[in-house]
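Since the structure comes first, as structure tokens, the remarks are kept for the end.
No value in this document is a laboratory result; all are computed from the given coordinates. Since the model is a prediction, treat every value here as computed from it, not as a measurement. Virtual Cβ from ideal backbone geometry, glycine too; neighbours counted across all protein chains shown.
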Amino acid sequence: MATQFKLTAAARTISLKDVFQGGEAKAYDLFRTLRWENGIAICPRCDHDQAYEITTRRKFKCKACQHQFSVTSGTIFASRKLSFTDMLAAVVIVANAAKGVSAMQLSRDIDVQHKTAWVWAHKLREAMASETTDHKLDGTVEVDGAYFGGHIRPANLKADRVDRRLSENQTGKRRVVIAIRQRKGRTLSFVSKQEADGVSLVSRNVNRTAEVHADEASHWDALHALFPTLRINHSEAYSLNGVCTNQVESYFSRLRKMVEGQHHHVSAQHLNAYASHAAWLEDHRMESNGVVTRKAIGLAMSHPVSRNWKGYWQR
Ligand SMILES: [Zn+2]
């Protein structure tokens, strides 16, 4: 049996040991070179490429407009509370966590408040998700949906139990994650109230030249008018003549483990963030942790200040 990539030395190109031995200056240099080409500071206000460097404070002052800025100004990590060492360590921890990592665990690992870790991790997820914004899928594409949340614990006494399948006995918090995955390509995830919304999502995010694979659920019938569509009836087989939704199923398996094993309670409001995080991990699973770390930081350094997470706890 071939060795699983994650077990090989090639998969390990960065470690927490490297991060802490390297220290603040080295971590800072990494953020700087991932934000600006060759680390040459560009003024976020006027785009001028000459600035005085206030080395002691790791700040810059634009020679054209006098604006003072730092390497994280104008990015999703603006007004950061963490040191560069801690941020780099946190990204490595996230990069190593195949099923994601809870804010609770992160807050303990890098010794910061739970609130700080919670918002920081969501900012990183938002930046990672931006990698597939406006990305269209093509080739062979699988689509499926999986329901999350809205669980009602059955009552202790049998006599008190209700039929949890009936809508009047549900919480209204149940959501479906719809995943569209290109074989040898990217995974896109969406959160909705019903799986049938997947038809318009496929229509908007997949090129017309693609071949779409879906299961027997009747709402996917509408796909046939839009794409060459192949169906797999799961009551007969999981895969038949190359027709299957196995790739999208392995994505759901990762997301399910992430939600149940790490985060435990995921609100409908934040499900999308975890769904896209799982998609990102799935798509980058064959890359080394050093590459994944640099990609995640690069995305954060090119992502503007977050409307969702800026000043979250001050509201
Ligand atoms: Zn300027």
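You can think of it this way: the chain between residue 52 and residue 222 has 55.2 nm of extra reach, that is 0.36 nm per residue less the Cα-Cα gap. Rounded to the nearest 20 debye, the dipole size of the chain about its Cα centre is 1120 debye, using +1 on the Cβ of Lys and Arg and -1 on the Cβ of Asp and Glu. Taking a ≥ b ≥ c as the square roots of the eigenvalues of the Cα gyration tensor, an a/c ratio of 1.5 or more together with a/b larger than b/c marks the chain as prolate.
Annotated for the stretch 176-315: lysine pairs at least 8 residues apart or interchain, Cα distance under 25 Å, count 5.
The Cβ shell under 12 Å around residue 299 holds other residues with a net charge of +3, Lys and Arg each +1, Asp and Glu each -1.
Structural descriptor for the chain: relative contact order 23 percent, calculated from alpha carbon pairs under 8 angstrom and at least 6 residues apart. Based on the alpha-carbon gyration tensor of the stretch 90-162 and its eigenvalue square roots a ≥ b ≥ c, which shape applies: rounded if a/c is under 1.5, prolate if not and a/b is larger than b/c, or oblate? Since a/c reaches 1.5 but b/c is at least a/b, the shape of the stretch 90-162 is classed as oblate.
Once you sort the root eigenvalues of the Cα gyration tensor of the stretch 60-211 as a ≥ b ≥ c, which label holds: rounded (a/c under 1.5), prolate (a/b larger than b/c) or oblate (the other case)? Please list the in-between numbers first.
Numbers: a/c = 2.60, a/b = 1.38, b/c = 1.88.
Oblate, because a/c is 1.5 or more while a/b does not exceed b/c.
For residue 51, the residues whose amide H sits under 5 Å from its own are 63, ignoring neighbours fewer than 5 places away on the same chain, with H placed 1.01 Å from N. For the peptides 4-12, 239-247, the ranking by packing is 239-247, 4-12, with the highest mean count of neighbouring Cβ atoms within 10 Å listed first. Taking amide hydrogens as placed 1.01 Å from N in the peptide plane, the amide H of residue 213 sits under 5 Å from those of 141, 142, 143, 230, each at least 5 positions away in sequence or on another chain. Note on the stretch 19-165: lysine pairs with Cα distance below 26 Å, sequence gap of 8 or more or different chains, count 16.
Explain nothing, just the number: relative contact order of the stretch 9-152, from Cα pairs under 8 Å at least 6 residues apart, as a whole percent. Before the final figure, lay out each step's value.
Working: 117 pairs, mean separation 23.3, N = 144.
Here the relative contact order equals 16 percent.
Converting phi to 3J(HN,Hα) with the Karplus coefficients 6.51, -1.76 and 1.60 and the offset θ = phi - 60°, the stretch 277-282 yields 5, 4, 5, 5, 4, 4 Hz in sequence order, with x at every glycine or proline.
When GluC sites (Glu not before Pro) are flagged only if DSSP places them in a loop and at most 13 other Cβ atoms lie within 10 Å, the longest unflagged stretch of the chain comes out as 1-215.
In deg cm²/dmol and to the nearest 500, what is the mean residue ellipticity at 222 nm of the chain if only DSSP H runs of at least 4 residues count, each as -39500 (n - 2.57), divided by the residue total? Each step should come with its number before you reach the end.
Numbers: 8 runs with 105 residues, N = 315.
Result for the chain: -10500 deg cm²/dmol, rounded to the nearest 500.
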